[in-house]
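Working notes, beginning with the structure itself.
The values are calculated or read from the model by the stated rules, or taken from the named source; none is laboratory data. Just so it is clear, the structure is predicted and the values come from calculations on it, not from any experiment. In this analysis, Cβ positions are derived from the backbone assuming ideal geometry, glycine residues included, and neighbour counts consider all displayed protein chains. Surface accessibility is based on the protein's heavy atoms, side chains included, excluding ligands, DNA and RNA. Shrake-Rupley method; radii C 1.70, N 1.55, O 1.52, S 1.80 Å.
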Amino acid sequence: MKFTAPSSDLLKHLQAVQGVINTNSVLPILENFLFVIQGSTLSISTTDLHTSMTTSMTIESNEDIRVAVPSKMLIETIKALPPQPLMFDISESFGIEIKTANGLYKLNGENGDDFPRIPEMDQADTLNMPSNNLLNAISTCVFAAGNDEMRLAMTGVFFELHPDSISFVATDAHKLVLHKCKGLTISTPGSFIIPKKAINLLKSVLPDNDTLVNVEYNTVNVFFSFNNINLICRLIDQKYPDYKAVIPTGNDNVLTINRAELLNSLKRISIYSNKTTYQIRMKINGSLLQLSAEDLDFSNQAVERLDCDYAGEDIEIGFNARFLLEMLNNLHSTDVKFEMSMPSRPGLMSPTEQDGNENTLMLIMPVMLNNYL
């Protein structure tokens, strides 16, 4: 059978779903795109057995077919071609010829019927939310998800659904991000944990506009659908830690400072910190914040002072510079507010300008200070 597709449009759709594919997969067929042609519609699917993505586009075709196409070879070929129509000719033995204006490329495909079945949702609850809200929420918190497979629940992003809002939570036990989206209508409150890989794939394809995203979920899978993209993934079947219990109250020491100034100062100071602990020290006296770091092994040391607005008692507290930098890089307000109680308790960071329907809270655990400076 034959079909024709514009190379630039085809490449865009292939790249949208390519991220699912694992190289060196246990099942070699998982390193392929599944092409399903029905009428003038080409559906392209990928899966790693936990997460699956499908996109569709319009083509010129003369019959229906299912064929698995080697992903790496196809992507590299189309990337190297100038924009033009591509004519695919697929034999009964699934040999694939790609014809261009000046070339012919042959590769071996596989029977599409041998490709794993893409899961379908069954007895699912549904909600809708704007794409830009979902994109902002997962972009804000996914960096805080952990990598420790021994604490599997923490390797994903926790969705906690309330009647009129969703709380997005991610933590690795050193830092925690809580982002709330309000103004939604959710018929069936509940909760689930989505693996980090699926969240990052979703982040890469969500449009930054008010496109409505349809979300279906049950106890096994969650399904996202928007434009011509479908993503379905298996949920992490574990109980999420009680994140509310670790958020401290009674934080009477409140620091307000320009986010960019603090971020740039931390970038410089962290160069001089110990490369195992990345410890930096924050010492606040009145309206003056002193940042310092030292690496005793190499006699490296740095100190900077910044003006700030501060209400509370003088305090000296230590944090991991890498975690602070990640948090500041994922906040986008002009100023940030830092709430603390004592050097042994977590600090809370939030943007000073919060949207009425969205707000963010970040928590960072302190580190024990060495006695220097």
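For the range 262-346, the solvent-accessible area works out to 49 Å² per residue, with a probe of 1.4 Å and every protein chain left in place. Sorted from longest to shortest, the spans of the Cα atoms of the chain along the three principal axes equal 77, 51, 36 Å.
Across q = 0.15, 0.23, 0.26, 0.32 Å⁻¹, the range 72-111 modelled as identical point scatterers on its alpha-carbon atoms has Debye log10 I(q)/I(0) values of -0.34, -0.76, -0.93, -1.20, in the order of the q list.
Expressed as a whole percent, the accessible area of the range 251-332 that falls on carbon and sulfur atoms is 44 (1.4 Å probe).
Filter 175/197; 244/283; 99/203; 106/197; 72/197 down to the pairs with a C-alpha to C-alpha distance above 31 Å, please.
99/203; 106/197
Under the criterion of Cα pairs below 8 Å and six or more residues apart, the relative contact order for the range 1-139 equals 26 percent.
Taking every protein chain into account, the accessible area of the range 12-148 amounts to 49 square angstrom per residue (probe 1.4 Å).
Separation of the alpha carbons by more than 25 angstrom is noted, of 239/267; 196/239; 180/239; 2/79, for 239/267.
Between rounded, prolate and oblate, where does the range 167-214 land on the alpha carbon gyration tensor, with a ≥ b ≥ c its root eigenvalues, rounded for a/c under 1.5, else prolate if a/b exceeds b/c? Verdict is oblate for the range 167-214.
According to the Cα-based calculation, Rg over Rh for the range 109-266 is 1.02, with Rh computed by the Kirkwood formula. A dipole drawn for the range 98-169 from +1 and -1 charges on Cβ atoms has a positive end, and of 135, 123, 146 the residue lying farthest that way is 135. Each listed q (0.17 Å⁻¹) maps to a log10 I(q)/I(0) for the range 233-304, found by the Debye formula over equal Cα scatterers with no solvent: -0.80. Translational diffusion coefficient of the range 253-373 (Stokes-Einstein, Kirkwood radius from Cα pairs, 20 °C, 1.002 mPa s): 148 µm²/s.
Size descriptors for the range 97-148 (Cα atoms only): Rg and Dmax, in that order, 20.9, 51 Å. Normalising the average separation of contacting C-alpha pairs (under 8 angstrom, six or more residues apart) by the number of residues puts the relative contact order of the chain at 13 percent. Net charge in the neighbourhood of residue 315 (other residues with Cβ under 13 Å of its Cβ; Lys, Arg +1, Asp, Glu -1) is -2.
Per atom type, the range 1-160 shows carbon and sulfur on 47% of its accessible surface, probed at 1.4 Å.
Taking GluC sites (Glu not before Pro) across the range 67-171, the ones in a DSSP loop with at most 12 further Cβ atoms lying within 10 angstrom of their Cβ are 92, 120. Length gained on full extension, residue 301 to residue 252: 14.6 nm, using 0.36 nm per residue less the C-alpha separation. If R0 is 35 Å, what FRET efficiency do you get for residue 332 and residue 89 from their C-beta distance, rounded to 0.05? For residue 332 and residue 89, the calculated efficiency is 0.10.
Quickly estimate the mean residue ellipticity at 222 nm for the chain, helices only: each DSSP H run with n ≥ 4 gives -39500 (n - 2.57), and the total goes over all residues, rounded to 500. Display every interim value, and only then the final one.
On the way: 6 runs with 63 residues, N = 373.
So the calculated ellipticity at 222 nm is -5000 deg cm²/dmol.
Distance between the modelled labels on residue 147 and residue 79, one decimal in nanometres: 2.3 nm (7 Å Cα→Cβ projection). Annotation: extensible slack from residue 25 through residue 260 equals 80.3 nm (criterion: 0.36 nm per residue apart, minus Cα-Cα distance). For the range 313-354, what relative contact order do you get, as a whole percent, if you take Cα pairs closer than 8 Å and at least 6 residues apart? Once normalised by length, the contact order is 38 percent. Loop-located GluC sites (Glu not before Pro) in the range 5-67 (DSSP state other than H, G, I, E, B) with a sparse environment of at most 16 neighbouring Cβ atoms within 10 Å: 63.
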